[in-house]
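The values are calculated or read from the model by the stated rules, or taken from the named source; none is laboratory data. Every value quoted in this text rests on a predicted model; they were computed, and no experiment measured them. Virtual Cβ from ideal backbone geometry, glycine too; neighbours counted across all protein chains shown.
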Amino acid sequence: MADQFHLNIITPEKTVFDGQIESLVAPGELGYLGILAHHATLVTTLVPGKITFRTSPGETTSLNSKGRGFLEVSKNNAILVLDSVES
């Protein structure tokens, strides 16, 4: 089993996801970013695109970000703050 870290995805309207995951892929300004447990501290802007995260082996969730946002990674926690998102 891969190491896990905490992910929180929020929009102005609601919390979209709050839980433990194994990996995250998000659309950054200069390309897609891959995040795993113990990633270095990072703050970056996000652009519209596909967000994918794996909660356990074989269980992958994909969301479509329709607006811009921010990603912060620190101390095994990742927070996505997005304008809007669709499942």
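What strands (runs of 3 or more DSSP E), lying completely within the range 22-87, carry at least 3 residues that are small (Gly, Ala, Ser) and out of contact with any Cys (no Cβ under 6 Å at 6 or more places or on another chain)?
On the way: elements: 23-28, 31-36, 42-46, 49-56, 59-65, 69-74, 77-82.
Result: 23-28.
Can Gly69 be described as surrounded by 15 or more Cβ atoms within 10 Å (Cβ to Cβ) and either under 13 Å from the mean Cα position of the chain (by Cα) or at pLDDT below 95 (or both)?
Values: surrounded by 15 or more Cβ atoms within 10 Å (Cβ to Cβ): yes; either under 13 Å from the mean Cα position of the chain (by Cα) or at pLDDT below 95 (or both): yes.
For Gly69, the condition - surrounded by 15 or more Cβ atoms within 10 Å (Cβ to Cβ) and either under 13 Å from the mean Cα position of the chain (by Cα) or at pLDDT below 95 (or both) - is met.
How many of the residues in the range 37-64 are closer than 15 Å to Asn77 by Cα, under 13 Å from the mean Cα position of the chain (by Cα) and exposed (fewer than 13 other Cβ atoms within 10 Å of the Cβ)?
Filtering the range 37-64 down to residues closer than 15 Å to Asn77 by Cα leaves 37-44, 53-55.
Adding the requirement that they be under 13 Å from the mean Cα position of the chain (by Cα) leaves 37, 39, 42-44, 53-55.
Checking which are exposed (fewer than 13 other Cβ atoms within 10 Å of the Cβ) leaves us with 43.
Matching residues across the range 37-64 total 1.
Between a first residue in the range 1-21 that is on the phi > 0 side of the Ramachandran plot and part of a strand (DSSP E or B) and a second residue that is modelled with pLDDT of 95 or more and not β-branched (Val, Ile, Thr), which pairs have beta carbons less than 6 Å apart while being 6 or more apart in sequence or on different chains?
Short answer, once both residue conditions are applied: none.
Restricting attention to the range 2-11, report how many residues are surrounded by fewer than 18 Cβ atoms within 10 Å (Cβ to Cβ) and either within 15 Å of Thr52 (Cα to Cα) or at pLDDT 95 or above (or both).
Selection size over the range 2-11: 5.
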